[in-house]
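The values are calculated or read from the model by the stated rules, or taken from the named source; none is laboratory data. Not measured: the values here are computed from a predicted model. Glycine also receives a Cβ, built like all others from the backbone with ideal geometry; neighbour counts cover every protein chain displayed. Please note that ligands, DNA and RNA were not included when accessible areas were found on the heavy atoms of the full protein model with its side chains. Shrake-Rupley method; radii C 1.70, N 1.55, O 1.52, S 1.80 Å.
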Amino acid sequence: RFNLGDGTSMPALGFGMYQINDDDVVAAVETAIKLGYRHIDTAQAYENEVGVGKGLVASGVDTSEFFITTKLWPGNPDWGMPSKSYDETIAATKASVEKLGVD
């Protein structure tokens, strides 16, 4: 485990959900949890946060035992996408929390 500055800690090893679609990620999350993973990593851009949340619930393990990371898409002006404002960033964070089913 890695100790964090706020006194909490996170698992040193996480299971990433990149390129696993929303339908298949449920089983991937359940399997990872059965194998002992407690750090699950996803991102808004992976478009599988809903499935990750379903996998967490389906595992039967209380979500307080997990360390969940997700990444927000900040926008990319070079690709014609404006950078997110502060309010848009907060809204995106809340949307991810809701999709993942965590608090």
Subject >> Simple spin-label estimate for Glu98 and Asp6 in nanometres, 7 Å along Cα-Cβ >> reply: 2.2
Subject >> Ranked order, Arg1, Arg38 - accessible area, probe 1.4 Å, largest first >> reply: Arg1, Arg38
Subject >> Solvent-accessible area of Lys99 with every protein chain in place, 1.4 Å probe, in Å² to the nearest 10 >> reply: 100
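Quote the convex hull volume per residue of the chain, based on C-alpha atoms, as a whole number of Å³.
Values: hull volume 12.2 nm³, N = 103.
So the per-residue hull volume is 119 Å³.
If I stretch the segment between Ala45 and Asp78 completely, what's the gain in nm (0.36 nm per residue apart, minus their alpha carbon distance), one decimal? Walk me through the intermediate numbers first.
Details: separation 33, 0.36 × 33 = 11.88 nm, distance 1.68 nm.
Taking 0.36 nm per residue and subtracting the Cα distance, the gain is 10.2 nm.
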Subject >> Principal-axis tilt of helix 49-58 within the chain, Cα atoms, nearest 10 degrees >> reply: 20
Original post:
Counting only the heavy atoms of the protein chains, how much of Ile68 is accessible to a 1.4 Å probe, in Å² to the nearest 10?
Top reply: 50
**OP:** Using amide H atoms built 1.01 Å from N in the peptide plane, name the residues 5+ places from Thr69, or on other chains, whose amide H lies under 5 Å from its own.
**Re:** Ile40, Asp41, Thr42
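Antiparallel DSSP bridges in the chain: what percent, to the nearest 5? Walk me through the numbers before you get to the answer.
Numbers: 3 of 8 bridges.
Taking every DSSP beta bridge with both residues in the chain, the antiparallel ones total about 40 percent.
How much of the accessible area of the chain, probe 1.4 Å, is carbon plus sulfur, in whole percent? Don't skip to the end; give the middle numbers.
Working: 3600 of 6650 Å².
Percent of accessible area from carbon and sulfur atoms in the chain: 54.
Greater than 21 Å separation of Cα atoms is the criterion. Which listed pairs, Lys34/Lys71; Lys54/Lys99; Lys34/Lys94, meet it?
Too far apart for the 21 Å limit: Lys34/Lys71; Lys34/Lys94.
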**OP:** Go from 0 up to the bin containing the longest alpha carbon distance in segment 1-46, width 5 Å each, and give me the % of pairs per bin.
**Re:** 5, 20, 25, 21, 14, 10, 4, 0
